[in-house]
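Here is the structure we will look at.
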Amino acid sequence: MIDTDTTSPVTRRFRPPAVPQVELRGFWGQRADVVADRTVHILYDRCVAAGMFDQIDPDRTAPGKVVSYDGGLMTSQMFWDSDFGKIIELASYTLFRKPDSTLEAKVDAIVDIYERLQQPDGYLNSWFQRIEPGLRWTNLRDTHELYNAGHMIEGAVAYFQATGKRKFLDIMCRYADYIASVFGPDAGQIRGYDGHEEIELALVKLARVTGRTDYLELAKFFIDERGQQPHFFDLEALQHGRDPAEYHFKTHEFSQSAEPVRDQRKVVGHAVRAMYLYAGMSDIATEFHDAALETALEGLWADLTTRKMYVTGGIGPSRTNEGFTFDYDLPNLTAYAETCAAVGLVFWSSRMLGLGPNRVYADIMEQALYNGASSGLSLDGSRFFYENPLASRGDHHRWEWHRCPCCAPNIARLTASVGSYMYGEGSNSLAVHLYCDSTANLDVGGRKVEIVQTTEYPWSGSILLQVNPERGTDSFTLYLRVPGWSSSYTLSINGEPEVVAMNDGYLALHRDWTRGDEVRLDLAMDVETIHAHPFVGDDAGRVALRRGPLLYCLEGGDNERPIASLSIATTKGAERVALDGAPGIVGLRLSGYADDMEAWGGKLYQSRPAATKAATLTAVPYYAWANRAAGDMQVWVRKAPE
Ligand code: FUB
Ligand code: ZN
């Protein structure tokens with residue numbers, strides 16, 4: 001059952017807690033520490049080195065166009081504001097976790113720069129104020145103007161929540177108010193939207209933190225307008241002297257605007273844009289109880305997760321459009337699977353949980369989070385992947401900086417904010433979506449409840465939750481997710497075994513909770529093999545290894561080479577092992593075969609299969625690959641008959 005709270009200024013279902021409400025320890029605590037100790041400083045320094053401050057600071061000479069155009073009308077320099085927005089958001093989370101006055105002063109200085117840059121009418125965009133003045137709102141299709149605003153709003157909300165400082169939030173409210181005056185259905189307003197979705201979900205965050213429902217209305221306007229005819233981007237091009245037929249990406253599917261969003265059932269175009277749009281749609285469906293949006297989202301979800309998603313939760317196989325192609329097109333070696341796209345899938349799935357606990361969404365959120373998104377950040381927090389292939393010949397390496405630096409701050413801000421994805425707060429219920437050693441201070445319809453999780457998840461499926469209502473005793477429903485990958489589970493409360501009906505993959509525990517109540521959930525966490533749909537040609541005859549939420553892969557450094565010559569015999573007797581050079585990470589050792597290459601010789605073909613010899617295979621979690629010696633890698637491994 002879905003909770004509603006009619007006393008709230010905006011209609012309420014389940015909402016995520018703010019990041020500072022959840023103190024992470026364990027797996028995500030360690031990752032969040034790496035990001036706080038290292039990544040956030042590295043990213044700030046790289047923004048300095050890339051000359052980004054020269055663009056945003058009105059007291060410096062503007063640098064001109066310094067990043068080359070990448071086809072069409074776009075350069076990543078146009079969205080440097082978004083990089084600052086993401087870095088402020090990231091720094092906010094890390095500052096809350098680890099106060100650092102030097103970092104805080106740096107963020108304050110960026111906020112001061114933006115305050116000086118902001119125009120009297122509220123407009124704020126360093127590209128159109130300093131590099132291409134006079135072109136404000138003339139090419140929403142290509143230039144990321146509202147996308148930049150969205151990321152800066154997200155940064156402002158996070159900074160306010162982490163530090164209590166309002167300055168950036170006020171700046172961004174002024175800008176949002178100005179945007180609301182420019183865009184809308186009335187005469188003299190622009191009836192349009194951005195080519196790169198982002199502002200929609202950001203406005204929902206702004207509405208939730210300020211209680212301003214007009215920001216929700218603006219987000220809904222952008223969603224409702226998308227894909228209407230006559231097409232806004234065609235009208236805009238004509239109005240500003242461009243030929244719509246010369247659009248670089250040829251089709252409005254690229255920006256999910258080929259048809260109105262409520263009619264959409266196929267996931268198309270640029271993957272990150274798609275995820276950000278669906279995330280915004282989910283928020284609006286949650287806030288407005290919009291059944292037509294829900295229907296569209298369910299169709300889009302089915303299309304993505306049954307035909308277009310890698311087993312890692314990576315999405316968007318093609319480099320050409322940074323996005324989707326056709327059904328079951330999931331090549332491994334050439335997978336684009338941009339880090340931001342998997343991060344975006346986490347955003348979308350988490351927001352589907354606003355509609356109520358349902359593991360259909362939480363399972364995919366977890367799959368993308370632990371695998372296709374987390375692979376984007378090195379274990380030491382200093383290097384990044386833009387593309388996340390599922391196989392490598394040893395030539396795919398992490399980079400330190402990219403001329404399109406979107407992925408690095410994206411995976412870093414997600415890593416630092418995992419706490420907010422773990423729970424949903426309802427008016428008379430709490431949902432636990434993800435497990436991790438942690439302490440959360442949550443809100444149940446205005447009442448406070450602390451949840452302490454003690455667990456070694458994801459290495460173990462044993463979870464102890466202590467429930468501590470502030471009132472001493474409180475009555476509400478605690479929803480616990482039982483992941484789809486777990487073949488069985490046991491539940492006990494205060495040591496007494498409990499049998500509770502499962503709805504949509506969640507156990508609904510309704511009772512009078514008393515401070516100190518203990519819930520123990522033990523999830524079976526077996527090593528299993530996954531098979532792909534027969535139409536995924538690359539994966540035919542192959543299996544992927546999974547244990548709990550983690551996908552595994554074989555890396556050259558741990559195995560006989562080349563790993564293409566290896567096959568898995570069985571997962572029976574698979575052992576958990578420590579890995580050289582990856583402390584704290586659980587590897588898997590299992591039995592298999594290696595092709596006998598000496599016996600094969602130099603031939604290219606022969607009329608019988610290669611002879612094989614027994615081999616021991618060692619697998620590493622996919623998120624942790626490419627952190628030790630460079631080498632080849634495969635997620636999908638040939639399966640030998642048992
Ligand atoms: O266009 C902004 C960001 O840069 C996109 O989200 C990424 O795909 C990259 O193109
Ligand atoms: Zn990216």
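The values are calculated or read from the model by the stated rules, or taken from the named source; none is laboratory data. Because the structure is a prediction, the values reported are computed rather than measured. A quick note on method: Cβ atoms are made from the backbone with ideal geometry, for glycine too, and the neighbour counts reach across all protein chains shown. What goes into the accessible areas is simple: the full protein's heavy atoms, side chains included, and nothing from ligands, DNA or RNA. Shrake-Rupley method; radii C 1.70, N 1.55, O 1.52, S 1.80 Å.
R383 falls short on exactly one of the conditions (1) closer than 23 Å to E555 by Cβ; (2) touching a residue at least 40 places away in the same chain (Cβ under 8 Å); (3) open to solvent by 10 Å² or more (accessible area, probe 1.4 Å), and that condition is (2). Scanning segment 512-556 for residues that are crowded, with 22+ Cβ neighbours inside 10 Å and more than 30 Å from Q466 (Cβ to Cβ) yields a total of 8.
You will find that of D81, D100, D121, D57, the residue that is under 30 Å from H248 (Cβ atoms) and modelled with pLDDT of 95 or more is D81 and no other. Kindly indicate whether any position in segment 336-343 is open to solvent by 10 Å² or more (accessible area, probe 1.4 Å) and out of contact with any Asp or Glu (no Cβ under 6 Å at 6 or more places or on another chain). No, there is no match, as no residue in segment 336-343 is open to solvent by 10 Å² or more (accessible area, probe 1.4 Å) and out of contact with any Asp or Glu (no Cβ under 6 Å at 6 or more places or on another chain).
Yes or no, residue by residue, for (1) in a helix (DSSP H, G or I); (2) within 14 Å of ligand 1 (Cβ to nearest atom); (3) farther than 23 Å from F79 by Cβ:
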site	(1), (2), (3)
D142	yes, yes, no
G150	yes, yes, no
L169	yes, no, no
C173	yes, no, no
D177	yes, no, no
A180	yes, no, no
Y193	no, no, no
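With segment 409-480 as the region, which strands (runs of 3 or more DSSP E) entirely inside it contain at least 3 residues that are over 18 Å from A32 (Cα atoms)?
On the way: elements: 423-425, 429-432, 438-444, 447-455, 462-469.
Answer list for segment 409-480: 429-432, 438-444, 447-455, 462-469.
Any residue that is part of a helix (DSSP H, G or I), more than 27 Å from L203 (Cα to Cα) and away from ligand 2 (no atom under 15 Å from the Cβ) - is there at least one of those in segment 273-286? Looking for residues that are part of a helix (DSSP H, G or I), more than 27 Å from L203 (Cα to Cα) and away from ligand 2 (no atom under 15 Å from the Cβ), one finds none in segment 273-286, hence no. Among the candidates T339, T306, the residue that is more than 15 Å from ligand 2 (Cβ to nearest atom), over 17 Å from P16 (Cα atoms), at pLDDT 95 or above and not hydrophobic (A, V, I, L, M, F, W, C) is uniquely T306. Beta carbons closer than 6 Å, at least 6 apart along the sequence or on distinct chains, pair a first residue in segment 405-431 that is more than 14 Å from ligand 1 (Cβ to nearest atom) with a second that is of a type in the set (S, T, Y) and part of a helix (DSSP H, G or I) for A412/T39; A416/Y93; A416/T94; S417/Y93; Y421/S350.
Considering only residues of segment 22-62 that are among the polar types (S, T, N, Q) and open to solvent by 50 Å² or more (accessible area, probe 1.4 Å), which is farthest from D380 (Cα to Cα)?
Within segment 22-62, the subset among the polar types (S, T, N, Q) is 30, 39, 55, 61.
Restricting the remaining residues to those that are open to solvent by 50 Å² or more (accessible area, probe 1.4 Å) gives 30, 61.
Working: Q30: 10, T61: 36 Å.
Looking at the filtered set, the residue picked out is T61.
Might you let me know whether segment 217-232 holds any residue that is at positive phi and either part of a loop (DSSP other than H, G, I, E, B) or crowded, with 21+ Cβ neighbours inside 10 Å (or both)? Checked segment 217-232: at least one residue is at positive phi and either part of a loop (DSSP other than H, G, I, E, B) or crowded, with 21+ Cβ neighbours inside 10 Å (or both). Here L169 fulfils each of the conditions (1) open to solvent by 20 Å² or more (accessible area, probe 1.4 Å); (2) over 16 Å from N125 (Cβ atoms); (3) of a type outside the set (G, A, S); (4) in contact (Cβ under 8 Å) with a residue 24 or more places away in the chain apart from (1).
The set of residues in segment 333-377 that are without any contact (Cβ under 8 Å) to a residue 60 or more places away in the chain and more than 14 Å from ligand 1 (Cβ to nearest atom) comprises T334, A335, S349, I364, A368. Contact annotation: residue pairs with Cβ atoms under 7 Å, 6 or more positions apart or on different chains, pairing a residue in segment 207-228 that is of a type in the set (D, E, K, R) with a partner that is assigned to a helix (DSSP H, G or I) and open to solvent by 50 Å² or more (accessible area, probe 1.4 Å), are K220/F288.
Just one of L369, L355 is open to solvent by less than 10 Å² (accessible area, probe 1.4 Å) and aliphatic (A, V, I, L, M); which is it? So that I can check it myself, show each step before the final result.
On the way: L355 fails: open to solvent by less than 10 Å² (accessible area, probe 1.4 Å).
Matching residue, one of L369, L355: L369.
Anything in segment 390-440 that is buried (at least 22 other Cβ atoms within 10 Å of the Cβ), at pLDDT 95 or above, within 16 Å of ligand 2 (Cβ to nearest atom) and more than 17 Å from W348 (Cα to Cα)? List them, or say none. Result: A408, P409, A412. Residues considered: V482, V452. Of these, the only one that is within 27 Å of the chain's Cα centre (by Cα) and farther than 30 Å from L90 by Cβ is V482. Inspect all residues belonging to segment 332-354 and state whether any of them is touching a Lys or Arg at 6+ places or on another chain (Cβ under 8 Å), under 24 Å from W485 (Cα atoms) and not in a helix (DSSP H, G or I). No, because not a single residue in segment 332-354 is touching a Lys or Arg at 6+ places or on another chain (Cβ under 8 Å), under 24 Å from W485 (Cα atoms) and not in a helix (DSSP H, G or I).
Only one residue in N332, N321 is within 16 Å of ligand 2 (Cβ to nearest atom) and either polar (S, T, N, Q) or not assigned by TED's automatic domain parsing to the domain that holds T415 (or both), so which one is that? Before the answer, list the steps.
Working: N332 fails: within 16 Å of ligand 2 (Cβ to nearest atom).
Selected residue: N321, the only one of N332, N321 that is within 16 Å of ligand 2 (Cβ to nearest atom) and either polar (S, T, N, Q) or not assigned by TED's automatic domain parsing to the domain that holds T415 (or both).
The condition (being at pLDDT 95 or above, away from ligand 1 (no atom under 16 Å from the Cβ) and open to solvent by 10 Å² or more (accessible area, probe 1.4 Å)) is satisfied by just one residue among L300, L330: L330.
With G592, G584, G573 as the choices, which residue is farther than 18 Å from I530 by Cα and not hydroxyl-bearing (S, T, Y)?
On the way: G592 fails: farther than 18 Å from I530 by Cα; G573 fails: farther than 18 Å from I530 by Cα.
Result: G584 is the single residue among G592, G584, G573 that is farther than 18 Å from I530 by Cα and not hydroxyl-bearing (S, T, Y).
Just to verify a result, which residue in segment 306-326, among those that are over 19 Å from Y386 (Cβ atoms) and part of a loop (DSSP other than H, G, I, E, B), is most open to solvent (accessible area, probe 1.4 Å)? Among residues in segment 306-326 that are over 19 Å from Y386 (Cβ atoms) and part of a loop (DSSP other than H, G, I, E, B), the one most open to solvent (accessible area, probe 1.4 Å) is F326.
Any idea which residue in segment 104-138 is surrounded by the most Cβ atoms within 10 Å (Cβ to Cβ), counting only those that are among the small types (G, A, S) and assigned to a helix (DSSP H, G or I)? Let's see the steps before the verdict.
Step one: list which residues in segment 104-138 are among the small types (G, A, S), which gives 105, 109, 122, 126, 134.
If we keep only those that are assigned to a helix (DSSP H, G or I) as well, we get 105, 109, 126.
On the way: A105: 9, A109: 11, S126: 25.
Taking the candidates together, the pick is S126.
Considering segment 234-285, and only residues there that are among the aromatic types (F, W, Y) and within 15 Å of ligand 1 (Cβ to nearest atom), the residue that is most open to solvent (accessible area, probe 1.4 Å) turns out to be F249.
The requirement of being among the small types (G, A, S) and within 16 Å of ligand 2 (Cβ to nearest atom) is fulfilled somewhere in segment 42-65, by at least one residue. Take the conditions in a helix (DSSP H, G or I) and within 12 Å of ligand 2 (Cβ to nearest atom) and apply them to I364. Does it pass? So I364 does not fit the description; no.
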